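One structure, pasted below without further comment.
The values are calculated or read from the model by the stated rules, or taken from the named source; none is laboratory data. Quantities reported herein were computed from a predicted structural model and do not represent experimental measurements. Glycine gets a Cβ as well: all are built from the backbone with ideal geometry, and neighbour counts include every protein chain shown. Heads up: the accessible areas ignore ligands, DNA and RNA and are worked out on the full protein's heavy atoms, side chains in. Shrake-Rupley method; radii C 1.70, N 1.55, O 1.52, S 1.80 Å.
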Amino acid sequence: MKKNTIFSSLNMAAVATAALLASACTANYLNINTNPYEVSKEQMEADGYGLGAALNGMAGVVISTNVNTAQFTENLLGCTQGGYFGDTGSWRYTISQFDATDDWTRVFLASDQVIPLFYSNYTEINRITDDPVPLALADILKVAVMHRVADTYGPIPYTQIGADGQIAVPYDSEKTVYETMITELGAAVDTLLKYPVSAVPETADYIYGGNIGKWAKYANSLRLRLAMRIVNVDEDFARQAAEAAARSAAGFISDNSDIAQFSSFGTSGNPIYAAAWYNIADIDGHVCRTGGESHASADITSYMNAYNDPRRAAYFIDSEWPGQQYCGIRRGIERPSINEAGHQYSGINITSQSPLVWMNAAEVAFLKAEAAGVYGFDMGGSAQQFYEEGIRLSFSQYGVEGADSYMQQDTPVTVSYTDPWTEDNPNGRVEPISAPSVKWHEDGAMQQRIIIQKWIANWILGNEAWADYRRTGFPELFPASEAGNRAPSTVDSRRGARRMPYPQAEYTNNPYMGEAVSMLGGPDNMGTDVWWAKKN
């Protein structure tokens, strides 16, 4: 699908700052002409308008509320490579087949809806207030946005980005980026603990309504996420960060009421929903009820079928294949068209008003389980305790009963899939995958068990699932088919895409690209591992 085929919408708060971008160019997007008639810093602080516009404008970028942007970053990138979605559109070039064009792979780093929009708001909030609390919130949001960019490409401009309005600045090594982010989060947590009752207006905070304690929990939880991101390559720093987070008085997101999520949308509603339901099939008057260009993937439906998971009805729309209630489409294949058979696969059970979840309580519990059980970090409890807590929190999040019975399943499972479209085509069958039981055991499959259950609980957080898959190798996903992998010389069909290539515009506009590729340590393509995944 071309980028102009979905109606774009910014969340209402970002509209207040969108005008700032109108005259901005990519290389110097913060050089904005001063408006002699604009309200003063004092006026903006007095009514909270500027504060709210800037904070909520930044929040709308963490997972973009713009439909076109979210389609590329979530539906077609994170959720396909993370094993959640399969694309059923008719486009020729795709991320899932490893031959996407620059228009598809550039979005996180070069789209005007991510870095320029974020840093324009970030600069504005630093202009209009000296209050340490909203400035700390801005730093938390910066990490929430930019770690997803680093996860996607590897080395990125970070420590100098935005200085003098520039994006064409030197790149930082991944070690520098992640350690800086973790340090910034620690500083933000300390600030929020110092000013726990600071008055951030409810209207200035679409995430937690001005609740500083919940922001501190989110920042601390994000610190743990990033510590575990780098644990295989920077274990000493990861240990210090994870254990500092566990000791912090801020605590973690530990209850579903503390989930970090955004739900203030424009007319298009949840952008992942809008993109998934775009271009639905209409065959002889039969309007597809499972979705349009994105459906559930065969990976997630097959794993949950193997575990007889009670959350399937909350995650998926029943397929239209006879006798197969939950049946996703395999990723990395030559796809059937949406009108031919694509519409028959299970859909994604979200609505236009479903929130965009940034981080849920279950994920944090599984992070603690892995830190304690696999790496021996002191997280203030046992790995089993955190693991089981993660499963219960996930069931509760979706209003599903049966978590305790689910956790008693003590038999390893076989995850299998046969494409019902046609059994004799090259996509038809895959080699079955062996997966451990749900029931907790401190055995050689402990990390695999934790990550599989975390992956199921993180449904639709595709970029996080993709990061875990690259870092740990779990869950094992179905490989791309021989016909479906259009870049076999650079991307291994079983391992999948390891990163996205840098935008072509960076080679033209940024004189530091040679250094960036050198720090990457491999060719600038989808097959090169990022730093924290090189162990695998």
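List, largest first, the extents of the alpha carbons of the range 301-400 along their principal axes, each in whole Å.
So the three principal-axis extents are 54, 30, 24 Å.
So if I restrict to the alpha-carbon atoms in the chain, what is the Rg, and what is Dmax, the biggest pairwise distance, in Å?
For the chain, the Cα radius of gyration and maximum Cα-Cα distance read 22.3, 70 Å.
Sort the following peptides by mean Cβ neighbour count (other Cβ atoms within 10 Å, averaged over residues), highest first: 435-446, 362-373, 205-216.
Put in order of decreasing packing, that is 362-373, 205-216, 435-446.
How big is D for the range 482-535, in µm² s⁻¹ as a whole number, if Stokes-Einstein is applied with the Kirkwood radius of its Cα pairs at 25 °C and 0.890 mPa s?
200 µm²/s
Let me know the volume per residue of the alpha-carbon convex hull for the range 442-488, in Å³.
Expressed per residue, the convex hull around the Cα atoms of the range 442-488 is 99 Å³.
Residues with amide H under 5 Å of SER297's amide H, sequence separation 5 or more or different chain, H placed in the peptide plane at 1.01 Å from N; which?
PHE85, GLY86, ILE329
Sticking with this structure for a sec: Hey, can you rank 220-232, 501-513 by average C-beta count inside 10 Å, highest first?
The packing order, highest mean first, is 220-232, 501-513.
Now, a different point. Considering every Cα-Cα pair within the range 208-337, what fraction, in whole percent, is farther apart than 22 Å?
Above the 22 Å cut-off, the range 208-337 has 61 percent of its Cα pairs.
Taking amide H positions as placed 1.01 Å from N in the peptide plane, with prolines and chain starts having none, which residues 5 or more places from ILE317, or on another chain, fall under 5 Å of its amide H?
Excluding prolines and chain starts, which carry no amide H, the hits are GLY347, ILE348, ASN349.
Skipping prolines and chain starts, which residues have an amide H placed within reach, meaning under 5 Å, of the one on ALA260, given they are 5 or more residues away or on another chain?
TRP358, MET359
Let me check the size of the range 361-494 from its C-alpha atoms; what are the radius of gyration and Dmax in Å?
16.7, 53
Here's something else I'd like to know. From the alpha carbon gyration tensor of the range 438-530, can you work out the equivalent ellipsoid semi-axes (sqrt of 5 times each eigenvalue) and give them in Å, largest to smallest?
So the equivalent ellipsoid measures 31, 16, 12 Å along its semi-axes.
For the chain, which whole percent of the accessible surface, found with a 1.4 angstrom probe, sits on carbon and sulfur atoms?
The value for the chain is 48 percent carbon and sulfur by accessible area.
I'm checking a number: the convex hull volume of the Cα atoms of the range 183-229, normalised per residue, in Å³. What is it?
Expressed per residue, the convex hull around the Cα atoms of the range 183-229 is 64 Å³.
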